[in-house]
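Colleague: Encoded as structure tokens, here's the structure I'll be asking about.
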Amino acid sequence: MSALPDPKDDDRNDAWPVPPALQQHILRVVADALAHPEHLRMTYEEFLDWADEDTHAEWVDGKVLMPSPANKEHQDIVGFLAALMRFYVEEQQLGDILIAPFQMKLPQSGREPDVIFVATAHRNRLKKTYLDGPADLAVEIISPESAGRDRGDKYFEYEKAGIPEYWLIDPLSRRAEFYQLDAQGTYQLVPPAPDGTYHSPIIPGFWLRVDWLWNLPSIEDAKWEIGGQNYAQSMIERLRRAGLLP
């Protein structure tokens, strides 16, 4: 990043016909904006222009929010869920799985859920750098810093936007909450089945063992369990096409 101009620099000062006191004020405002983007106010379009693909930030009512960096456990759970969901969704040709940082534009905010599922029927909402409208399923991994937003602001924003399914995963308390919209558009908490599995109504046929989230198995082991005979047959066919089986 280039240095800010120094008003005391004679050459620059000649080209900048602004009183020195105002110059200092402008430079302080710019420096603060660069150091603290959360102080900025901008439109969503300006926010998209400002944020590059590596920027982890959200936009709410014109303000920029900068979440704290994620820890390793958070990243491990996101990576596991995204890989498992993507495997299933691609095998069944159901849509797309995306992970943060990828914007989801809602009426009053631009959020970055940790994982989102966009059904094939809604692929027209996918733009180059953001999802223009609600996802079909959103997942947030809770941290102590994000708990208020995830259970408060985001919960109500996602409900109001009509996101049919919302998962809240709290590694600290080892609690997973699965919310589904009812006929009135209100989230209802749906507990896992007695055997400890949760079955998604939005991703047909997809399920997971909740305790996998705290004791991550290998992706391949989870694929075999979820995919069952269909996955086994698919693998056999691939090996045959590759000439590795008769």
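The values are calculated or read from the model by the stated rules, or taken from the named source; none is laboratory data. Because the structure is predicted, anything quoted here is derived from the model rather than measured. Here the Cβ is made from the backbone with ideal geometry for all residues, glycine too, and neighbour counts use every protein chain on show. Protein only, heavy atoms only, side chains kept; ligands, DNA and RNA dropped before computing areas. Shrake-Rupley method; radii C 1.70, N 1.55, O 1.52, S 1.80 Å.
Colleague: How big is the gap, in Å, between the Cα center of the stretch 197-246 and the Cα center of the stretch 114-160?
Modeller: Here the answer is 25 Å between Cα centres.
Colleague: Given R₀ = 45 Å, FRET efficiency for SER234-LEU189 by Cβ-Cβ distance, to 0.05?
Modeller: 0.85
Colleague: Something else: Shape of the stretch 78-218 from its Cα gyration tensor (a ≥ b ≥ c, root eigenvalues): rounded if a/c is under 1.5, otherwise prolate when a/b > b/c, or oblate?
Modeller: rounded
Colleague: Please sort by residue number the chymotrypsin sites (Phe, Trp or Tyr not before Pro) in the stretch 152-246 whose DSSP state is loop and whose Cβ has at most 15 other Cβ atoms within 10 Å.
Modeller: Those that pass, being in a loop and sparsely packed, are TRP214.
Colleague: Can I ask one more? Mind giving me the FRET efficiency for ASP153 and HIS199? R0 is 30 Å, r the Cβ-Cβ distance, nearest 0.05 is fine.
Modeller: 0.60
Colleague: Got a number for carbon plus sulfur as a percent of the stretch 150-210's accessible area, 1.4 Å probe?
Modeller: Percent of accessible area from carbon and sulfur atoms in the stretch 150-210: 55.
Colleague: Moving on to the next point. Between SER218 and GLN93, what is the FRET efficiency for a Förster distance of 35 Å, r being their Cβ-Cβ separation, to the nearest 0.05?
Modeller: Result of the calculation: an efficiency of 0.90.
Colleague: Something else about it: Using +1 at the C-beta of Lys and Arg and -1 at the C-beta of Asp and Glu, which of TRP212, ALA147, ILE169 has the Cα lying farthest in the positive direction of the dipole of the stretch 136-227?
Modeller: Comparing the listed Cα positions along the dipole, ALA147 ranks first.
Colleague: Over the stretch 94-246, what relative contact order in percent results from Cα pairs under 8 Å that are six or more residues apart?
Modeller: Result for the stretch 94-246 is 13 percent.
Colleague: Sort THR186, THR197, THR129 by accessible area with a 1.4 Å probe, largest first.
Modeller: Most to least solvent-accessible, the answer reads THR129, THR186, THR197.
Colleague: Test of the criteria: in the stretch 105-156, which trypsin sites (Lys or Arg not before Pro) are in a DSSP loop and have at most 12 other Cβ atoms within 10 angstrom of their Cβ?
Modeller: LYS127, LYS128
Colleague: For the pairs LYS72/LYS105; LYS105/LYS223; LYS160/LYS223, flag any whose C-alpha to C-alpha distance is greater than 29 Å.
Modeller: The answer is LYS105/LYS223; LYS160/LYS223.
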